[in-house]
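The values are calculated or read from the model by the stated rules, or taken from the named source; none is laboratory data. Computed from a predicted model, the values in this text were never measured in an experiment. All Cβ positions, glycine included, derive from the backbone under ideal geometry; neighbour counts span all protein chains shown.
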Amino acid sequence: MKILIPILFCITLSGCDFSCSGKPKNTFKANYDENYAFEVIQKYEKFGPKVPGTEAHKNTGDWLVSELKRLGATVVEQTTTAVTFDQKTIPVRNIIAQYNPKANTRYLFSAHWDNRPFADQDTDPLKSHEPVPGVNDGGSGVAILLGIAKAVQGMDLPFGIDLALWDAEDWGSPHNPPSYCLGSQYWAKNPVPANYHAQFGINYDMVGRLGSVFPEENYSLKNAPEVIEGLHRAAKTLGYQDYFPTYKIGPIVDDHYYVRELRQFPMVDLIYMTQEGGFPPEWHTHLDTSEYISRDVLKVVGQTSLELLSEQK
């Protein structure tokens, strides 16, 4: 799910809180394993569409909790119910994994793990009411988060890292932005842990497709310009700068929007969109499968995120 809002922002970047000297401020260094991330994608895909209330959804959630615990995280589940735009009552299961949970300085990485219950963008009308695989739109963000978990497993971290897997993101109406992102909206109003605050957060949505790049989303640029600047710097350090172009997209109402509005810390959305404002052609169709996922793109996103952490003061 992604909702475009036709608003223009005037942005002035000033100051520099993200290690402008270019020198690392901590000893954190971690390597992202793109092969493991692709294995996560394949496992995720095999469960089938993860529509809230289905057996595939339950089984996938159980696997995610088990895998995160195996990778050394402290895992908390947040459950509730929500009413969708079409008046369905659905279960909501947010999964929060923490590393170094006692640290006061924290960073949040998030993605949604559910799938859309209807393929409203599918060209085949016979399939338009069937759920989508959601391997890029859902699974790629999951792969990034579990890849980060694997990278930091067993490390003596100088800060805390939180991985939030949002549920019920994709069951919404295009003409009703608040009908999406039900899991992150609930968490932002009822944070786990209580009174949660991060130095910044990154939300990942559709970040695994072949040929993807990650431009500057306008809500992110307005509310977290220093994080956008830090991502560009980290990408340049790694030689990945071409994956982070400076053209603007959106603004897009995604999970990052509600976290930022309700928790009041900088939050950005990493999401692929063309300069013309288009999402990948498989978006919300039955073609959103692992066939279009790139290990290289997963590596770029995961390693750039870890590099940004290494620059924090």
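General observations
- Within the stretch 230-244, residues that are of a type in the set (D, E, K, R) sit with their Cβ atoms under 9 Å from residues that are crowded, with 20+ Cβ neighbours inside 10 Å and in a helix (DSSP H, G or I), at 6+ positions apart or across chains, in these pairs: Arg233/Glu307; Arg233/Leu308; Asp242/Ala235.
- Looking across Lys69, Lys50, one residue alone is among the charged types (D, E, K, R), modelled with pLDDT of 95 or more and assigned to a loop (DSSP other than H, G, I, E, B). It is Lys50.
- Looking across the stretch 169-214, the residues that are under 19 Å from Thr80 (Cα atoms) and not in a loop (DSSP other than H, G, I, E, B) come down to Pro178, Ser179, Leu182, Gly183, Ser184, Gln185, Tyr186, Trp187, Ala188, Lys189.
- Test for Glu261: is it crowded, with 23+ Cβ neighbours inside 10 Å, within 18 Å of the chain's Cα centre (by Cα) and either within 22 Å of Gly147 (Cβ to Cβ) or in contact (Cβ under 8 Å) with a residue 40 or more places away in the chain (or both): no
- Residues that are crowded, with 19+ Cβ neighbours inside 10 Å, at pLDDT 95 or above and among the charged types (D, E, K, R) are absent from the stretch 238-249.
- The residue that is surrounded by the fewest Cβ atoms within 10 Å (Cβ to Cβ), counting only those in the stretch 95-127 that are farther than 20 Å from Glu311 by Cα and among the hydrophobic types (A, V, I, L, M, F, W, C), is Leu126.
- Assessment of the stretch 288-306 against the conditions (outside any helix (DSSP H, G or I), over 16 Å from the mean Cα position of the chain (by Cα) and crowded, with 24+ Cβ neighbours inside 10 Å) yields at least one matching residue.
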